[in-house]
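Quick notes on the structure that follows.
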Amino acid sequence: MSTEPTSIEGSVTPPTSIDSENSGVGASSQAEGTTGKRKAAPQSSNDVAIGYLRKKFNPRGGLVQNGKYLHMKCMTHIVNLIVVEGLKDMNISVEHVRGAVRYVRQSPARLQKFKECVVVEKIECKKMLCLDVCTRWNSTYLMLDTGQNFERAFERFEEQDINFRAELERGEGWPSVDDWANVRNLRDFLEHFYEVTLRVSGTSYVTSNNFFDELSEIDILLRDAQFNSNVDFSVMAIKMKEKYDKYWGDIDKMNLLMFVACILDPRQQLKYLEFALSEMSSSKKASKMMQKLKEFLYELFDEYKPPLYSTCSQSSVPTHVSLSEPQQKIKRSSLTPKIVQALVCTQDWIRKSSSQEDIKKIEEQIQELDKIENGTHLLLVDAKTILEHSRTYSRPKYNSIIT
């Protein structure tokens, strides 16, 4: 009896076939009637949903650039499509290992005997064999990840079960030493995509600033894999790169907000983005893209500037007090962008690392510090005024004494 591998948080179920990349797309246009009406262009459900959201939110002023960049393609779904394309023509070595795992998992008695072989071979692995599901590439990775640890156990199991090798040779085939080497290479290759899927699927931390970084790493990985000495591995990488280029090959067709999130990350910024783009495409195209991004950043700044100034004016603080002109209005100055950024980052840090009680204590301490600072400022002004008055009234007396 086969057992499905335990699902891991963040894993994503890939499509069952390549046709599923068009899931949600209208299967057909409006049927052409007897009157000879022209067929309507097919429209995906994504386009319909995005159009509906724009229609609802644009009148309220709640969308950036009037919703031009509202649609962001799901990165994990595209990663799934890329890997599925590479594994469509499954490597023969994977078939051999799958057959061995299936044979052991088909019977509780076989599985128990296999566990005894694991103990005899002194294999220290807390995981146990798991059979993959054809519709989930991440389960194939988990099967290879666990199975490659038990190569010696399979060899000893062959000695215990006389039907093991004979049945495999009639079916998928017996996993040879070369097969295990190929499986380990494939496992290492798939690990990158598996880890990317987990990282960008997180829900308890920000992920948008890592999208482009992950994307560029996949691009480099696929380009290097195309020159692998193993022909089957190289062919698989070429197919995956073609699928990658379909969605991310043309930088001009990508959502610009993905790049903006990277630029706003202090660890990356414009210099890193320019370097990464030059590695992914020609220098001329990268330079053109950087110019386009800078213009887009100015557009975003112009759009955010009025609400930012409005918010800052409400949070302004007095910077000058004149005692000689009590009726004069107190001058105010807006917070600088750096101060706003520091306040926002500090607020996020406090919310993330502190409990509600700690936050309340910190807020009380900040209020106390504000009172102390205001009181100290007034005391300094009063002391300075008294000192000036004392010098004014005492100066003639000192002069008469000196003369």
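The values are calculated or read from the model by the stated rules, or taken from the named source; none is laboratory data. Bear in mind that the values here come from a model prediction, so they are computed numbers and not experimental data. Because the Cβ atoms are built from the backbone with ideal geometry, glycine has one as well, and the counts that use them run over all protein chains shown.
The rows are residues; the columns are (1) within 14 Å of Val94 (Cα to Cα); (2) touching a Gly at 6+ places or on another chain (Cβ under 6 Å).
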site: Val118; (1), (2): no, no
site: Cys130; (1), (2): yes, no
site: Phe164; (1), (2): no, no
site: Glu195; (1), (2): no, no
site: Leu198; (1), (2): no, yes
site: Asn228; (1), (2): no, no
site: Val231; (1), (2): no, no
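Rundown of residues vs (1) surrounded by fewer than 16 Cβ atoms within 10 Å (Cβ to Cβ); (2) closer than 19 Å to Asp132 by Cβ, yes/no style:
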residue	(1), (2)
Gln148	no, yes
Phe154	no, yes
Pro175	no, yes
Asp178	yes, no
Ala181	yes, no
Thr197	no, yes
Val200	no, no
Thr203	yes, no
Phe212	no, no
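If you check Phe275 against the conditions, is it outside the structural domain of Ala181 (by TED's automatic domain parsing), modelled with pLDDT of 85 or more and farther than 20 Å from Leu300 by Cβ? Can you show your working first?
Details: outside the structural domain of Ala181 (by TED's automatic domain parsing): yes; modelled with pLDDT of 85 or more: yes; farther than 20 Å from Leu300 by Cβ: yes.
Yes.
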Report summary line: Gly51 vs (1) of a type outside the set (Val, Ile, Thr); (2) assigned by TED's automatic domain parsing to the domain that holds Ser216; (3) modelled with pLDDT of 80 or more: all pass except (2)
Query raised in the report: Would the range 247-259 turn up any residue that is within 18 Å of Asp89 (Cα to Cα) and either touching a Cys at 6+ places or on another chain (Cβ under 6 Å) or surrounded by 16 or more Cβ atoms within 10 Å (Cβ to Cβ) (or both)?
Result: no
Query raised in the report: Which residue out of Lys37, Lys126 is surrounded by fewer than 12 Cβ atoms within 10 Å (Cβ to Cβ), modelled with pLDDT of 85 or more and assigned to a loop (DSSP other than H, G, I, E, B)?
Result: Lys126
Query raised in the report: Tell me, which residue of the range 214-226 that is buried (at least 17 other Cβ atoms within 10 Å of the Cβ) and charged (D, E, K, R) is nearest to Val94 (Cα to Cα)?
Result: Asp219
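Select from the range 235-286 the residues that are of a type in the set (Ser, Thr, Tyr) and touching a helix residue (DSSP H, G or I) at 6+ places or on another chain (Cβ under 8 Å) and list them in ascending order.
Step one: of the range 235-286, the residues of a type in the set (Ser, Thr, Tyr) are 244, 247, 272, 278, 281-283.
Once the filter is applied, which keeps residues that are of a type in the set (Ser, Thr, Tyr) and touching a helix residue (DSSP H, G or I) at 6+ places or on another chain (Cβ under 8 Å), the range 235-286 yields Tyr244, Tyr247, Tyr272, Ser278, Ser281.
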